[in-house]
Amino acid sequence: MLHLKKKWLDIASLGLSALCVVHCLALPFLVATLPMLTPFTGSWVHAALVLTAAPVSIWAIRASHVWRKWQISVPIIGGLVLLAAAAFIPALEDVEVAMSVIGALFIALGHGYNYIYHRPAHIHNRACGHAEGLAGE
């Protein structure tokens, strides 16, 4: 059960990162065509995404006990710092989208690596569904 929880935390974090990238890159085009989406362009959306992504990401790296593994923790923490800076420091408004996209990609990279790192190895044997025809059987 614990492995499943770790897996879904990484998947949730990857989904939140993708949502952030879509928000930053696609929403301006959508607002141009659908003005009713204008309320979703405010700074409150960035703050809400950061305040949602940070606890999920931190929970995921703590639950999987890989916070000491720099290949996982550095991109995630670095991405969260970039997202938080872009969302909460008004002086960075000119580079907010770039920082947000790069931060979200770093978070996705870290969680993707964590997901792959914890995936159990598949062993081909008679119990798996696609093992027919293996040499020597």
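The values are calculated or read from the model by the stated rules, or taken from the named source; none is laboratory data. Remember, it's a predicted structure, so these values are computed and weren't measured experimentally. Quick reminder, even Gly has a Cβ in these numbers, built from the backbone with ideal geometry, and neighbours come from all protein chains shown.
Condition check for Pro75 on (1) modelled with pLDDT of 90 or more; (2) more than 13 Å from the chain's Cα centre (by Cα): one failure, at (2).
Inspection of the range 88-100 finds a residue satisfying the criterion of being loosely packed, with under 15 Cβ neighbours inside 10 Å and either charged (D, E, K, R) or modelled with pLDDT under 75 (or both).
So which residues in the range 86-112 are small (Gly, Ala, Ser) and over 18 Å from Leu19 (Cα atoms), if there are any at all? Can you show your working first?
We begin by selecting, within the range 86-112, every residue small (Gly, Ala, Ser); these are 86-87, 91, 98, 100, 103-104, 108, 110, 112.
Result: Ala91, single match.
Of all residues in the range 62-71, those being of a type outside the set (D, E, K, R), free of Cβ contacts under 8 Å to residues at least 24 places away in the same chain and part of a loop (DSSP other than H, G, I, E, B) number 2.
Taking Ala84, is it surrounded by 15 or more Cβ atoms within 10 Å (Cβ to Cβ), modelled with pLDDT of 85 or more and farther than 13 Å from Ser13 by Cβ? Criteria met by Ala84.
For the range 43-61, a residue qualifies if it is surrounded by 15 or more Cβ atoms within 10 Å (Cβ to Cβ) and touching a residue at least 40 places away in the same chain (Cβ under 8 Å), and the qualifying residues are His46, Ala53, Val56, Ser57, Trp59, Ala60, Ile61.
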